[in-house]
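The values are calculated or read from the model by the stated rules, or taken from the named source; none is laboratory data. In this text the structure is predicted, and so the values were computed from the model without any measurement. So basically every Cβ, Gly included, is an ideal-geometry build from the backbone, and we count neighbours across all protein chains shown. Just the protein is used for accessible areas: all its heavy atoms, side chains included, with ligands, DNA and RNA removed. Shrake-Rupley method; radii C 1.70, N 1.55, O 1.52, S 1.80 Å.
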Amino acid sequence: MGAVARKQLPLRPAGPDTTAALLDWYDSERRELPWRSPPGRKADPYRVWLSEIMLQQTTVKAVIPYYREFLRAWPNVRALAAASLDEVLTKWAGLGYYSRARNLHKCAIAIVEEHGGRFPRSEAALRKLPGIGPYTAAAIAAIAFNEEATPVDGNIERVIARLFALRLPLPAAKSEIKRLASTLVPSDRPGDFAQAMMDLGATVCTPKRPSCLMCPIQPDCHGYAKGMAESLPLKLAKPDRPSRFGYAFLALSEDGHILLRRRQEAGLLGGMMEVPSTEWRDDWLSVEDAMRSAPFKTDWWPVTGTVTHTFTHFRLQLNVYRAIVPADATLTFWSEPNRCRWVNRRDLHNEALPSLMRKVIAHALPQ
């Protein structure tokens, strides 16, 4: 069935009255989030920055426990800058997109060394810092410093596309969405406006089955009036996610330690710990070829089943092999011994192991 137009009064263009209605709603319905300052209190730039980095491509529910743990460990940017990268990666383990953690640490150091421990206020200055792109710079400027900036995340994209009934599909519509959003930003409350838009998209103007009758800006919503709100924003069809394949080798020493290896700093999961593995390829290596990457020359036994993990751009399948070796066993040249170390099974929770590698260990050692 096609879109069904709603019968309602002629629509006014979205403008100051729309913004006022949204802010009135926000003042009574705002979400209580651990990084938000209470109404009337100045925001802490460190907390705003930390939360925005963590929230990139990650849900609020997943972020909250990590955010609280980081804040307990490093309550300010100087404390975070003084931490080691390994400590930061260990705390981040499981949150995904690990380049964010590396850039978070680099950014903290830059703020301390180049800005005296104070966050710059302007979007332009913020964008020069590691890991801070256009959206994050605008969000920090608006929320932490009340600068008249226009952050546009997925929630805000959806609200704006529906409010203006924008038919141009994403990603081509991004620049137009930002332009339209900027026309609504109030000079006196840009931070509250940004957070109000985020809250509206997260709780009312949701991707599926939006609660239009509860929406404070529904009277101005062209998408609702045209009966097409739920179908917006339009998106181009995504290509199928390709698959990659590899082998992982879990070596267990006779005294109960597991061999781990630190991944190279550059690339996916950079700097994190891993169970030694082959390269991830577009097709399966033969078992004979895969064994050349095994960390020890010993009897490797296949573990029944396959570990599957989905990344943003591809789906990974790993076959896992397991071996028990003497504690003084000699590592092969191909294992890159300088990046390997034995870790007691009881201490794995202290290691910077990404979710994928925790899956591999659980699969190989289900007990």
From the residues in the stretch 303-332 that are among the hydrophobic types (A, V, I, L, M, F, W, C) and under 25 Å from Arg244 (Cβ atoms), which one is modelled with the lowest pLDDT? Phe311
Could you check how many residues of the stretch 126-158 are of a type outside the set (Lys, Arg), under 18 Å from Leu50 (Cβ atoms), open to solvent by 10 Å² or more (accessible area, probe 1.4 Å) and part of a helix (DSSP H, G or I)? 3
In the stretch 43-98, anything open to solvent by 30 Å² or more (accessible area, probe 1.4 Å), outside any helix (DSSP H, G or I) and farther than 26 Å from Pro134 by Cβ is listed as Pro75, Ser84, Gly94
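Residues Ser84, Ser51: which one is of a type in the set (Gly, Ala, Ser), free of Cβ contacts under 8 Å to residues at least 60 places away in the same chain and under 23 Å from Ala202 (Cβ atoms)?
The unique qualifying residue is Ser51.
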Give the stretch 322-367 a look and list any residue that's in contact (Cβ under 8 Å) with a residue 12 or more places away in the chain and over 31 Å from the mean Cα position of the chain (by Cα), or say none. Arg322, Ala323, Ile324, Val325, Pro326, Ala327, Ala329, Thr330, Leu331, Thr332, Trp334
Does Ala101 fit the bill of being farther than 21 Å from Ala141 by Cβ, part of a helix (DSSP H, G or I) and at pLDDT 95 or above? no
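To keep it simple, each residue is scored yes or no on (1) closer than 30 Å to Arg281 by Cα; (2) touching a residue at least 60 places away in the same chain (Cβ under 8 Å).
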site	(1), (2)
Lys208	no, no
Lys226	no, yes
Pro242	yes, yes
Asp255	no, yes
Leu260	yes, yes
